[in-house]
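Laboratory data are not the source of any read-out in this text; all were calculated from the coordinates shown. Here the structure is a predicted model, which is why all the values come from computation and not from measurement. Neighbour counts run over all protein chains shown; Cβ positions are idealised from the backbone, glycine included.
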Amino acid sequence: MSGFKVTRVDKGDVTVLYLSGFLDAHTVPDFEKALQEAINEKRYKIIVNFKDLDYISSAGLGVFMGFIEEVRANDGDIKLSNLSPRVFKVFDLLGFPALFEIFDDEEQAMEKFLKPE
């Protein structure tokens, strides 16, 4: 079992959270804490980059549902990028592509925040 790490980088008014390792019931609190800190700082434009994430459980998916309402209520969004086929499959099985914008790379997600349609 690999560990889990979340790294935050603020790029202008967009916060990017980089996830690596395994996001499961044991590591969810670390991810929740990072998201909550961003929201507490009124940073509602969030990209979660999954480039180095090897695994996500249903507990990890639940974190997104727990925060998206508050973020969108403040004119923000959580956009997802760089999902591996394995991680995307978990999101897809639970219908997340209908709820969240998923991008091939972080730059596309950033562009969507900078130039919304």
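In the range 38-86, which residue that is among the acidic types (Asp, Glu) and under 13 Å from the mean Cα position of the chain (by Cα) is farthest from residue 113 (Cα to Cα)?
My answer is 52.
Might you check whether a residue that is surrounded by fewer than 13 Cβ atoms within 10 Å (Cβ to Cβ) and either part of a strand (DSSP E or B) or touching a residue at least 12 places away in the same chain (Cβ under 8 Å) (or both) occurs anywhere in the range 17-30?
Yes, the range 17-30 contains a residue that is surrounded by fewer than 13 Cβ atoms within 10 Å (Cβ to Cβ) and either part of a strand (DSSP E or B) or touching a residue at least 12 places away in the same chain (Cβ under 8 Å) (or both).
Of everything in the range 76-90, what is under 16 Å from residue 47 (Cβ atoms) and not in a loop (DSSP other than H, G, I, E, B)? Give them in sequence order.
77, 78, 79, 80, 81, 87, 88
When the range 15-37 is examined, which residues are found to be under 19 Å from residue 103 (Cβ atoms) and over 12 Å from the mean Cα position of the chain (by Cα)?
none
Could you check the range 86-111 and list, in sequence order, the residues that are surrounded by fewer than 18 Cβ atoms within 10 Å (Cβ to Cβ) and of a type in the set (Gly, Ala, Ser)?
Selection gives 95, 98.
Does residue 18 count as under 22 Å from residue 114 (Cα atoms) and in contact with a Gly (Cβ under 6 Å, 6 or more places away or on another chain)?
No.
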